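**Q** Quick one: structure below, then a few questions.
The values are calculated or read from the model by the stated rules, or taken from the named source; none is laboratory data. On a predicted model such as this, the values are computed, not experimentally measured, just so you know. Methodologically, a virtual Cβ is constructed for each residue, glycine included, from the backbone with ideal geometry; neighbour enumeration extends over all protein chains shown.
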Amino acid sequence: MKTIIIIGAGPAGLGAGYELTKNLKNDYQIIIFEKENQVGGIAKTIEYNGYRFDLGGHRFFSKNDEIMNLWKNVLKEKFIKVKRLSRIYYKGKFYFYPIKPFNALLNLGLQESISIMLSWMKTKIKPKYPEISFEDWISNRFGKRLYEIFFKTYTEKVWGIPCRKISSDWAAQRIKGLSLLSLLKSSIFRQKKQKIKTLIEEFYYPELGPGMMWETFAKIIEENHGKVEINSSVEKIFLEGKRIKAIEVKNLITNSYKVIECEHLISSMPLREFIEKLVPSPNKQIIESAKSLNYRSFIVVGLIVNKKDIFPDNWIYIHSPEVLVGRIQNFKNWSKKMVQDINKTCLGLEYFCSEGDKFWLKPSAEVINIAKKELEILGFAKINEIEDGKVIKVEKAYPVYDENYKENVNKIREYLNSISNLQVIGRNGMHKYNNQDHSMITGILAARNILGESYDLWRVNVDAEYLEEIK
């Protein structure tokens, strides 16, 4: 029996596995290899002493009806609707995010508000073109002063590099249709059909966290005679001419190895790793392009706090420069079933860093103490109210859109396109900042390409109209 191999059991890999096992049944052996000890990728849910932690907070929303209907059918009544409330915490005050101009101007005061409006008018008269950096893109739409207050600090916490070195592609992809003018219009005229993606006010969420969704998909795949093998790291990918011949897999529990031949390979492995594991190696230019791709990781500190209410938000962005934490999730406000005791609160403090840097290498006990102190500094809880903590490290969570990423990705993409039985999918597989719906779509379309259709996966999350074509 011929084998189709999928690397990675996140939303993209599970999407591919679901589509293939649903349609191929006994015609092929479908195997998904996942190096972690549970499925879901960065959308998995961690359970600790009866409390559940989401790795960053994963909203379930998509403009694509097929994906939304699929999610709803899989979890049914366990897929709950949640009202969105997310705010910015800056200088001891809360500001709505997406920004509500009148709320922001009221909190900032008359003098700062005048400065913001003058800065915005100046930008409208003389915008900066071409828009090369994140700073250029945001400043052109919000003015330089509002950019400095509400975008610069947090964005540089996340990426660890100056905003002027972050490509404008990231802003264009993540903040679609948003500007100060659109926000003003939205505040004054409450449109019945809101078209700005960033302004979504409600979403769906599995009652036991996002991992519940992906664990259910893994179960369906296995019921359809597919295999999902966790603790399995793909170590080598063997090329024969212009085809993938086989892969070498290491079982991380037994430290044993096996080589499996494949008819097709679908990979959501980080693009840099994929190139490094090819045998024989590509030419020097491709290797250098892969080495130049950068990633940002983060650490989630889950804290169990002996307080019933701390703040009403699903999450808040921390723009206060006196603390390192970048964002705080309040998981009880996503789903009541995320906490064991409804009179307590389960928070996730997110610290953005890079693998191997000073913060990444700190012992867990030290990181938990930092999180406790910062929560007290911010005024959300006293140290003696924090009962327990858990540190979770998330590698390669964000593909970095630096100044040279596009050129490097395009070179690798051209090279990979020459391999006839390979498709790369998902956020890290394509080095593309996809949401989980976009990642799942790339997996489903990759499966449909094997089934005889012809989709360009790189157009997903670029052309809005393209998503409507797959219904």
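**Q** State all residues of the range 295-312 that are under 23 Å from VAL367 (Cβ atoms) and either in contact with a His (Cβ under 8 Å, 6 or more places away or on another chain) or not in a strand (DSSP E or B) (or both); if no residue qualifies, say none.
**A** Of the range 295-312, the ones under 23 Å from VAL367 (Cβ atoms) are 295-307, 310-311.
Across the range 295-312, the qualifying residues are ASN306, LYS307, ILE310, PHE311.
**Q** Looking at the range 129-139, which of the residues that are surrounded by fewer than 20 Cβ atoms within 10 Å (Cβ to Cβ) and free of Cβ contacts under 8 Å to residues at least 24 places away in the same chain is farthest from TYR405 (Cα to Cα)?
**A** Of everything passing the filter in the range 129-139, TYR129 is farthest from TYR405 (Cα to Cα).
**Q** Follow-up. Considering only the range 105-125, I want to know if a residue exists there that is of a type outside the set (Gly, Ala, Ser), in a loop (DSSP other than H, G, I, E, B) and surrounded by 15 or more Cβ atoms within 10 Å (Cβ to Cβ). Before you say what the answer is, go through the steps one by one.
**A** Step one: list which residues in the range 105-125 are of a type outside the set (Gly, Ala, Ser), which gives 105-108, 110-112, 114, 116-118, 120-125.
Retained after the next criterion (residues that are in a loop (DSSP other than H, G, I, E, B)): none.
There is no residue in the range 105-125 that is of a type outside the set (Gly, Ala, Ser), in a loop (DSSP other than H, G, I, E, B) and surrounded by 15 or more Cβ atoms within 10 Å (Cβ to Cβ).
**Q** Only residues that are in a loop (DSSP other than H, G, I, E, B) and surrounded by fewer than 18 Cβ atoms within 10 Å (Cβ to Cβ): list them for the range 37-60, please. Break it down stepwise before answering.
**A** Our first condition is that a residue be in a loop (DSSP other than H, G, I, E, B); within the range 37-60, this holds for 37-40, 44, 49-50, 55-59.
Residues satisfying the conditions are ASN37, GLN38, ASN49, GLY50.
**Q** If ILE196 satisfies all but one of (1) at pLDDT 55 or above; (2) within 22 Å of ASN434 (Cα to Cα); (3) not small (Gly, Ala, Ser), what's the number of the condition it fails?
**A** (1)
**Q** Is it fair to say LYS100 is more than 30 Å from PHE274 (Cα to Cα), among the basic types (Lys, Arg) and surrounded by 16 or more Cβ atoms within 10 Å (Cβ to Cβ)? Working first, answer last.
**A** On the way: more than 30 Å from PHE274 (Cα to Cα): yes; among the basic types (Lys, Arg): yes; surrounded by 16 or more Cβ atoms within 10 Å (Cβ to Cβ): yes.
Answer is yes for this residue.
**Q** OK, next. Residues ASN49, ASN69: which one is more than 18 Å from the chain's Cα centre (by Cα), closer than 30 Å to GLU19 by Cβ and of a type in the set (S, T, N, Q)?
**A** On the way: ASN49 fails: closer than 30 Å to GLU19 by Cβ.
It is ASN69.
**Q** Also, quick follow-up: Which residue is nearest to ILE316 (Cα to Cα), if the candidates are limited to the range 73-87 and must be assigned to a helix (DSSP H, G or I) and touching a residue at least 24 places away in the same chain (Cβ under 8 Å)? Walk me through how you get there before you give the answer.
**A** The first filter runs over the range 73-87 and keeps only residues assigned to a helix (DSSP H, G or I), leaving 73-78.
Retained after the next criterion (residues that are touching a residue at least 24 places away in the same chain (Cβ under 8 Å)): 74-75, 78.
Working: VAL74: 30, LEU75: 27, LYS78: 25 Å.
Checked the range 73-87; the qualifying residue nearest to ILE316 (Cα to Cα) is LYS78.
**Q** If you don't mind, another one. Residues of the range 328-372 being β-branched (Val, Ile, Thr) and either more than 15 Å from THR45 (Cα to Cα) or buried (at least 23 other Cβ atoms within 10 Å of the Cβ) (or both), which ones? Can you show your working first?
**A** Going through the range 328-372, the residues β-branched (Val, Ile, Thr) turn out to be 328, 339, 342, 345, 367-368, 370.
Passing the criteria: ILE328, ILE342, THR345, VAL367, ILE368, ILE370.
**Q** Specify which of the listed residues (PHE352, PHE311) is under 20 Å from LEU378 (Cα atoms), out of contact with any Gly (no Cβ under 8 Å at 6 or more places or on another chain) and not β-branched (Val, Ile, Thr).
**A** Numbers: PHE352 fails: out of contact with any Gly (no Cβ under 8 Å at 6 or more places or on another chain).
Unique residue meeting the criteria: PHE311.
**Q** Name every residue in the range 12-36 that is touching a Ser or Thr at 6+ places or on another chain (Cβ under 8 Å) and assigned to a strand (DSSP E or B), in order of residue number.
**A** The answer is GLN29, ILE30, ILE31, PHE33.
**Q** Has the range 19-32 got at least one residue that is under 22 Å from LEU278 (Cβ atoms) and out of contact with any Phe, Trp or Tyr (no Cβ under 6 Å at 6 or more places or on another chain)? Outline the logic, then answer.
**A** So the first thing to find is which residues in the range 19-32 are under 22 Å from LEU278 (Cβ atoms), and the list is 31-32.
Okay, now just the ones that are also out of contact with any Phe, Trp or Tyr (no Cβ under 6 Å at 6 or more places or on another chain), so 31-32.
Within the range 19-32, one or more residues are under 22 Å from LEU278 (Cβ atoms) and out of contact with any Phe, Trp or Tyr (no Cβ under 6 Å at 6 or more places or on another chain).
Table: residues versus (1) outside the structural domain of ALA246 (by TED's automatic domain parsing); (2) modelled with pLDDT of 95 or more; (3) within 30 Å of LYS144 (Cβ to Cβ).
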| site | (1), (2), (3) |
| --- | --- |
| LYS35 | no, yes, no |
| ASP54 | yes, no, no |
| ILE80 | yes, yes, no |
| TYR90 | yes, no, yes |
| LYS93 | yes, no, yes |
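**Q** Of all residues in the range 279-312, how many are aliphatic (A, V, I, L, M), surrounded by 21 or more Cβ atoms within 10 Å (Cβ to Cβ) and more than 30 Å from ASN384 (Cα to Cα)?
**A** The number of residues fulfilling the criteria is 2.
**Q** Sticking with this one: Inspect the range 424-438 for any residue being part of a loop (DSSP other than H, G, I, E, B), within 30 Å of LYS2 (Cα to Cα), aliphatic (A, V, I, L, M) and modelled with pLDDT of 95 or more and give the result as yes or no.
**A** Here is the first cut: in the range 424-438, the ones part of a loop (DSSP other than H, G, I, E, B) are 425, 430-435.
Next cut, within 30 Å of LYS2 (Cα to Cα) only: 425, 430-431.
Imposing the further condition that a residue be aliphatic (A, V, I, L, M) reduces the set to 425, 430.
Add one more test, that the residue is modelled with pLDDT of 95 or more, and what stays is 425, 430.
So far as the range 424-438 goes, yes, one or more of its residues are part of a loop (DSSP other than H, G, I, E, B), within 30 Å of LYS2 (Cα to Cα), aliphatic (A, V, I, L, M) and modelled with pLDDT of 95 or more.
**Q** Of a type outside the set (S, T, N, Q) and farther than 30 Å from VAL391 by Cβ: which single residue out of TYR18, TYR51, TYR97, TYR89 fits that description? Steps first, please.
**A** Values: TYR51 fails: farther than 30 Å from VAL391 by Cβ; TYR97 fails: farther than 30 Å from VAL391 by Cβ; TYR89 fails: farther than 30 Å from VAL391 by Cβ.
Unique residue meeting the criteria: TYR18.
**Q** What number goes with the only condition from (1) crowded, with 19+ Cβ neighbours inside 10 Å; (2) touching a Gly at 6+ places or on another chain (Cβ under 8 Å) that ASN64 does not pass?
**A** Looking at each condition in turn, ASN64 falls short on (2).
**Q** Any residue in the range 281-305 that is under 30 Å from THR45 (Cβ atoms) sitting within a Cβ distance under 6 Å of a residue that is modelled with pLDDT under 95 and part of a helix (DSSP H, G or I)? List the pairs, counting only those 6 or more apart or interchain.
**A** Listed by first residue and then by second, the contacts come to ARG296/TRP159.
**Q** Every residue in the range 222-236 that is in contact (Cβ under 8 Å) with a residue 60 or more places away in the chain and either hydrophobic (A, V, I, L, M, F, W, C) or not in a loop (DSSP other than H, G, I, E, B) (or both), please. If you could, list the steps in order and put the result at the bottom.
**A** Narrowing the range 222-236 to residues in contact (Cβ under 8 Å) with a residue 60 or more places away in the chain: 224-234.
Across the range 222-236, the qualifying residues are LYS227, VAL228, GLU229, ILE230, SER232, SER233, VAL234.
**Q** If you check PRO280 against the conditions, is it under 30 Å from ARG413 (Cβ atoms) and more than 21 Å from the chain's Cα centre (by Cα)? Step through it out loud before you land on a result.
**A** Numbers: under 30 Å from ARG413 (Cβ atoms): yes; more than 21 Å from the chain's Cα centre (by Cα): yes.
Answer is yes for this residue.
**Q** Could you list, in sequence order, all residues of the range 373-411 that are surrounded by 20 or more Cβ atoms within 10 Å (Cβ to Cβ), part of a helix (DSSP H, G or I) and at pLDDT 95 or above?
**A** Once the filter is applied, which keeps residues that are surrounded by 20 or more Cβ atoms within 10 Å (Cβ to Cβ), part of a helix (DSSP H, G or I) and at pLDDT 95 or above, the range 373-411 yields GLU374, LEU375, ASN408, VAL409.
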